[in-house]
Amino acid sequence: MPILPIYTFDQPVLRQETSQIEDDSAELQKLIKSMVITMRNADGLGLAANQVGKSLALTVIDLKHVKDWEDGDTLVLINPALIGTEGESVFEEGCLSLPGIREEIVRPEKIGVKFLDRNLKEVEMDADKILARIIQHEIDHLHGKYFIDYLSPFKLTLLKPKLSKMMRGTVETEYPLAPPYVQHHAVKGKVKRLRGM
């Protein structure tokens, strides 16, 4: 299975609502395997399908780094939805699509979540602490949201130089990145290239 390039800020696919998955297929199972390999290659805790350019409601989570779940392998969540939250906690988050950025984010400490597993069987489960946070982070991706969207306008302003580097494609990582998004605009009969948004 190939290691897939990861899309970074602010690729359009990362801002779109992802599509629900209705049917199993060989293509879907191949994507799941490729996403797991890609996540592990990048040393990530989780990876959403739109982070590899596929606008599908699918995410994978590596349980090897999650306390009390180390015996598990990979949690696959298809069409996940939160069905309850409780409490509050603050934790520093990072993201493979926002390399070099880590910020403290407030989220519910405990959650209930329903989803389809990799065989499209319905599952409901409770999670807390780090696993609850990873699931919420990944579900946000599937709704076109980054963890930095929770930050104040002031904090976001401080991140602008790093975000600009991502949009220009000049950020360096240990894992392969997709090329930056280039939008074409016609200006007085000529094509003007705008990077990013």
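Taking every protein chain into account, the accessible area of the chain amounts to 55 square angstrom per residue (probe 1.4 Å). One chain, two ends: Val90 and Glu122. Fully extended at 0.36 nm per residue, the span grows by 8.5 nm beyond their Cα-Cα distance.
What is the list of residues in region 8-29 whose amide nitrogen lies under 17 Å from a point 7 angstrom out from the Cα of Lys162, following Cα to Cβ? Of the residues in region 8-29, 8-11 have backbone N under 17 Å from the label point off Lys162.
Set against the 2.2 N^0.38 Å expectation for a compact globular protein, region 18-126 has a Cα radius of gyration ratio of 1.09.
A Cβ-based charge dipole, computed about the Cα centre of the chain with Lys and Arg at +1 and Asp and Glu at -1, lands at about 1540 debye.
The Cα center of region 4-44 and the Cα center of region 57-81 differ in position by 14 Å. Counting heavy atoms of the protein chains alone, Glu88 has an accessible area of about 140 Å² for a 1.4 Å probe.
Per-residue ellipticity at 222 nm computed for the chain from its helices equals -7500 deg cm²/dmol, with DSSP H segments shorter than 4 residues left out and the rest contributing -39,500 (n - 2.57). Here is the list for region 19-115: chymotrypsin sites (Phe, Trp or Tyr not before Pro) lying in DSSP coil, each with at most 16 other C-beta atoms within 10 angstrom of its C-beta, are Trp69.
Specify the residue with the greatest mean-square fluctuation among Ile61, Ile101, Ile139, computed from a Gaussian network of the chain linking alpha-carbon atoms under 10 Å apart. For the chain, modelled as a Gaussian network with Cα springs under 10 Å, the answer is Ile101.
Along the chain, the longest continuous region that contains none of the trypsin sites (Lys or Arg not before Pro) in a DSSP loop with at most 16 other C-beta atoms within 10 Å is 16-66.
The values are calculated or read from the model by the stated rules, or taken from the named source; none is laboratory data. Treat the numbers as computed from the prediction; the structure is a model and nothing was measured. No Cβ is skipped: glycine too gets one built from the backbone with ideal geometry, and neighbour counts run over all protein chains shown. With ligands, DNA and RNA removed, areas are computed over all heavy atoms of the protein, side chains included. Shrake-Rupley method; radii C 1.70, N 1.55, O 1.52, S 1.80 Å.
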